[in-house]
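Here is the structure we will look at, set down as structure tokens.
Nothing in this text is a laboratory measurement; each read-out follows from the coordinates by a stated rule. These figures come from a predicted structure and were not determined experimentally. Cβ coordinates were reconstructed from backbone atoms using ideal geometry, including for glycine residues, and neighbour counts include every protein chain displayed.
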Amino acid sequence: MLTSSSGSKKPSWIRVKAPVSTTYQETLNLVKQHRLHTVCEEAACPNIGECWSKKHATMMILGDVCTRACAFCNIKTGRPDQLDPHEPERIGAAVAQLGLTHVVITSVDRDDLQDGGALHFAQTIHHIRQNSPCTTVEILTPDFLRKEGALEMVVAAKPDVYNHNLETVPRLYPTVRPGARYFHSLRLLDRVKQLDPSIFTKSGIMVGLGETKAEVHQVMDDLRSANVDFITLGQYLQPTPKHHPVREYIHPDEFDQYASAARGKGFLVVSASPLTRSSYHADQDFEKLKKARQQKLQKIA
């Protein structure tokens, strides 16, 4: 553990190289060509160089303005524009052009919409299936707080992986994620499994926000109680001085300890490292999920 103060340098284990590859530029050009938003750019992800060099990009739908103001997030907050009805079609075309075997679709929060953007998610999944039927689809959705029927609409579209991040421990929600409710998010994940047990569920938190180890372990237990298959843990990095400060930099050895504990609690797949993000190595992790489930079923049989 390395405690942090405002303006302190990042430790060596979370420094990344600047994006310079030809493939990175090709991916950037394709994103611009189809007028797409990506969480890679909007959230200033540290892994953008590596991922885009492999033609891995996390598409962000429902515009680029969020109706919430989470203290950790670099995405713009304000009054969003009207939905673009052709966005799902463009996403489908871009996925096919990139030749993706696995794609991650996320979004901003749209509390201004009656369904929170659920229909848009369903339409996006449909167009991906239509344009690239062999591509597996992972979604990372908002919490659809007070949006009756929204979750059911998205689950009916049958994504392969349903991800919804808890982001932090419940004690820190009032300051880190004030517009959300911890137990509502837990219930959402549990409800996905109730509606369709074949869908893999996934969630993650950031560490370094001021949580304790005991609180992290409690979150793991809560997620397992909701039958979540896959957990991610990554280092929180402060996007700008106005955002929530980094309280500490967690050493890679501590991430290894968290990973070992999570595997012991029964998660099918665990990704825990300083640079882990929700969609980091998502294609490889999906293959691990399928293999782990198969092994579990064989043991039961």
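Here are the numbers:
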item	result
Relative contact order [Cα under 8 Å, 6+ residues apart], region 129-286, whole percent	20 percent
FRET efficiency, 1/(1 + (r/R0)^6) with R0 25 Å, evaluated for Arg187 and Ala69 via beta carbons	0.60
Long-range amide H partners of Thr106 with built H, under 5 Å	Met59, Met60, Ile61, Leu140
Euclidean distance between Cα centres, region 226-257 to region 64-112, Å	23 Å
Flagged links, alpha-carbon separation over 31 Å, of Lys147/Lys296; Lys76/Lys290; Lys10/Lys202; Lys9/Lys290; Lys202/Lys242	Lys147/Lys296; Lys76/Lys290; Lys9/Lys290
